[in-house]
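Remarks on the structure that follows.
What follows draws every value from the coordinates through simple rules; no lab data is involved. Small disclaimer: the values here were computed from a predicted structure and weren't measured. Here Cβ is always computed from backbone atoms with ideal geometry, including for glycine, and neighbour counts include all displayed protein chains.
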Amino acid sequence: MLRKILKLLTSRLVFFGILLLIQLVYFLIFLTRLTTYSTGISILFTLISLLAVLWIINRGENPAYQMAWVIFILVFPLLGGLFYLLVGNKQPSKKMRRRLEAEQDRTKEAVFQDEQVLEEIGELDLRARGQFAYMSHTCGYPVYKHTQARYFKLGDDMFPELLKELKEAKHFIFMEYFIVEEGRMWNSILEILEEKARAGLDVRFLYDDLGTVSLLPPGYDRKLEAKGIRCMAFNPFIPLWSLVMNNRDHRKITVIDGHTAFSGGVNLADEYINEKERFGHWKDTGFMLKGEAVWNYTVMFLQMWNAFRRTDAGYDAFRPECFHPEPFSSDGFVQPYGDSPLDEEIAAENVYLNILNQARDYVYIFTPYLIIDHEMDTALCLAAKRGVDVRIVTPGIPDKKVIFQLTRSYYPSLLRAGVRIYEYAPGFLHAKSYVCDDETAVVGTINMDYRSLYLHFECGTLFYRNSIVADVKEDYLRTLEKCREIGLKDTRQGFFGSLFCAVLRVLAPLL
């Protein structure tokens, strides 16, 4: 028992968390005493709170986010406004924003849309064309024809194929992940990366520092560099109060020789391949692309990499056809896309909303978290009310109990509207996907929560009339056989439980 306590206390994440908490408590006590010491100071802080409320209301942000902060300031009128000024900015730091925007501007000409592809989609369905045109022209991610996709219903299935493709790499390997932890999965990948680096390949690895802060040794990027693997830790975690800890790189991307890519919900840790059990059986999904659409993932990676570690004068040397001169096969339409907190375009949520708004027969959804805003709640309910078969699967065993409680708080209104909700009985469902009307599917890293939709750097792929759509649907229907359907009676939590959920709902955008 003592050994477990010592291990917990020595964890960097716990240690840094304690430091932050002590710093916050000290700061609040200091300000509270300061306001009671002087009436003038108290009036000043109250004025700051009033100005903060006016600023929040006029910023044009998500209403739920605005309401959460306004309520917080009303509850703490003296310190709430000052607290908002310190931590309320959910946008990336100016330095981060400047670097990323400069790199995106520098490489705008690297991606362009073949308008003939959009015309072909328009001949099939004008509404679908509008969706793809929005993601291409407004968000900057073209849609492609000449691409094949393979779906993996579990991380267990994707892992051996990922190893196989990594071993066949001949020119370069780019990898970008949120979570990395030493174990069978990562150690097997690392062995291949070391071998390829020694052989002279351009091997680059990018990981989110906060996502791995308690999982990897300090200075892990330098250890990989010593092995010949160019490595970068995104947005390094600093054990002091930070305004930019909100904005994490939640993407999962592997690009091999420009013509092969992997993505989905699978991180590089053993629970994702069920080598280690954490919350029962771990259900996750992913896919492999081969063809022209890989270019979008390559550009996503290079923009992030070059924004902080300028390596490449241009991107053309990494195009899909450079190391694959043979024509790529076609299978419907494929559109990989990214989303970031740099702009006001909530692309990831808009993709989901467009699918719900255009659905005719059904929409089936996998999501580990269901923490939605008013727009998403309305779209789900409206689709169900007009006769669309809307079903959502969430975890049966949660990874975070409070967040699971918050997820369940959204069930009643959805159930009353006719949405059917299931929980994955064998364990934790980490997959993030939509499938609709046997024509459209989305698989990616994007959860249905405020963090994924508003704060994180994310990625997904939109498939249209591609064979992967049938695979996603089949996986969904087979997964339902292992789920427990939720009814309204299952959502009753009593007075105090309902009160706790109400508080969580208000604070949801800040969690």
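Some observations on this one:
- Put simply, the amide H of ASP437, placed in the peptide plane, has neighbours under 5 Å in ASP361, TYR362, leaving out anything fewer than 5 places away on its chain.
- More than 15 Å apart - percent of Cα-Cα pairs taken over region 123-176: 69 percent
- Label point distance in nm, LYS227-LEU163, each placed 7 Å from Cα along Cα→Cβ: 1.5 nm
- In Hz, Karplus ³J(HN,Hα) per residue of region 109-122 (6.51, -1.76, 1.60; θ = phi - 60°; x = Gly, Pro): 6, 6, 10, 8, 8, 6, 5, 5, 5, 5, 5, 5, 5, x
- An ellipsoid equivalent to region 170-216, defined through the eigenvalues of its Cα gyration tensor, has semi-axes of 21, 12, 7 Å when rounded to whole angstrom and sorted largest first.
- Whole-Hz couplings from phi, Karplus 6.51/-1.76/1.60, listed for region 355-364; x for Gly and Pro: 4, 4, 6, 9, 5, 10, 10, 8, 9, 10
- From most to least packed by mean Cβ count within 10 Å, the peptides 156-165, 358-367, 332-341 give 332-341, 358-367, 156-165.
- Signed unit charges on C-beta, dipole axis of region 94-334, positive-most listed residue PHE323, MET185, ALA313: ALA313
- Where Rh is the Kirkwood radius over Cα pairs, Rg/Rh for region 387-431: 0.99
- Amide H contacts of THR394 (H built 1.01 Å from N, in plane; Pro and chain starts excluded): TYR422, GLU423, TYR424 sit under 5 Å, all sequence-distant by 5 or more or on other chains.
- A dipole drawn for the chain from +1 and -1 charges on Cβ atoms has a positive end, and of LEU353, THR138, ALA52 the residue lying farthest that way is ALA52.
- Cα extents for region 94-334 along the principal axes, largest to smallest and rounded to whole angstrom: 53, 41, 38.
- By other beta-carbon atoms within 10 Å, ranking TRP186, TRP295 with the fewest at the front produces TRP186, TRP295.
- Those residues of region 415-442 whose amide nitrogen sits under 17 Å from the label point placed on LYS385, 7 Å along Cα→Cβ: 415-420
- Set LYS108/LYS145; LYS164/LYS400; LYS223/LYS432; LYS290/LYS432 screened for pairs whose C-alpha atoms are more than 29 Å apart: LYS164/LYS400; LYS223/LYS432
- Restricting the calculation to alpha carbons of region 424-484 gives Rg and Dmax of 12.8, 34 angstrom.
- Per-residue ellipticity at 222 nm computed for the chain from its helices equals -13500 deg cm²/dmol, with DSSP H segments shorter than 4 residues left out and the rest contributing -39,500 (n - 2.57).
- Between MET67 and SER188, the simple spin-label model (points 7 angstrom out along Cα→Cβ) gives 4.7 nm.
- Pairs of alpha carbons in region 334-387 whose separation is greater than 13 Å (percent): 66 percent
- Alpha-carbon radius of gyration plus Dmax, which is the widest Cα pair, for region 206-352 in Å: 17.2, 52
- Computed over region 347-510, the P(r) curve from all C-alpha pair distances, binned at 10 Å from the origin, holds 10, 41, 39, 9, 1 percent per bin.
- Taking the number of Cβ atoms within 10 Å of each Cβ as an exposure proxy, the fewest-first ranking of VAL503, VAL266 is VAL503, VAL266.
- Size of charge dipole - the chain - debye, nearest 20, with Cβ of Lys, Arg +1 and Asp, Glu -1, no other charges: 2160 debye
- Label-point separation in nm, LEU126 to VAL111, each point 7 Å along Cα→Cβ: 2.7 nm
- In sequence order, calculated HN-Hα J values of region 211-220 (Karplus, 6.51, -1.76, 1.60; Hz; x Gly/Pro): x, 10, 4, 9, 10, 10, x, x, x, 5
- Alpha carbon Rg of region 83-231, scaled by the compact-globule rule 2.2 N^0.38 Å: 1.36
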